[in-house]
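J.: Below you will find the structure I want to go over with you.
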Amino acid sequence: ERVLELARRLSRGEALGTGEEEEEEVCQRHREPLEVFCKEDGALLCAICRESRAHRAHTVLPLPEAAREFEEQIQAGLQTLKDDRDKLLELREAEMRRNW
């Protein structure tokens, strides 16, 4: 959910954590800015967490890159759903014509 919100903000051209009414995204444990996304754990990490044993061997991405990847995945899923919907509408229309 947080990654999707970051993706939305990035796609609107907003800087991360710079809005007047927004509070800056920080690590709950270290109070450092969240800078990267851990693909294995699906978590946002600060620099200190990134270097910890728990994440050192994990694949991490800068937030803008992670947001782009998620946006691409969402767009691909959305396109699949649109294609499926179009097929269902065509089938429904054909069935309605057949019933008439």
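J.: Tell me, yes or no, whether the range 78-88 has at least one residue that is modelled with pLDDT under 90, farther than 13 Å from residue 6 by Cα and of a type in the set (S, T, N, Q).
T.: No, because not a single residue in the range 78-88 is modelled with pLDDT under 90, farther than 13 Å from residue 6 by Cα and of a type in the set (S, T, N, Q).
J.: I've got another one for you. Answer yes or no: is there a residue in the range 24-35 that is of a type in the set (Lys, Arg) and at pLDDT below 85.
T.: Checked against the condition, which is being of a type in the set (Lys, Arg) and at pLDDT below 85, the range 24-35 yields no hits at all.
J.: Within the range 32-54, track down each residue that is touching a Ser or Thr at 6+ places or on another chain (Cβ under 7 Å) and either surrounded by 15 or more Cβ atoms within 10 Å (Cβ to Cβ) or under 16 Å from residue 7 (Cα atoms) (or both).
T.: Within the range 32-54, just 39 meets the criteria.
J.: Checking the conditions here, which among 57, 94, 76 is closer than 26 Å to residue 30 by Cα and either of a type in the set (D, E, K, R) or open to solvent by less than 100 Å² (accessible area, probe 1.4 Å) (or both)?
T.: Of 57, 94, 76, the one residue that is closer than 26 Å to residue 30 by Cα and either of a type in the set (D, E, K, R) or open to solvent by less than 100 Å² (accessible area, probe 1.4 Å) (or both) is 57.
J.: Going by the structure shown, is residue 61 in contact with a strand residue (DSSP E or B) (Cβ under 7 Å, 6 or more places away or on another chain) and either modelled with pLDDT of 90 or more or of a type in the set (Val, Ile, Thr) (or both)?
T.: Judged against the criteria, residue 61 is a match.
The values are calculated or read from the model by the stated rules, or taken from the named source; none is laboratory data. Just so we're clear, the structure is a prediction, and the values are computed from it rather than from any experiment. All Cβ positions, glycine included, derive from the backbone under ideal geometry; neighbour counts span all protein chains shown. SASA here: full protein model, heavy atoms, side chains in, ligands and nucleic acids out. Shrake-Rupley method; radii C 1.70, N 1.55, O 1.52, S 1.80 Å.
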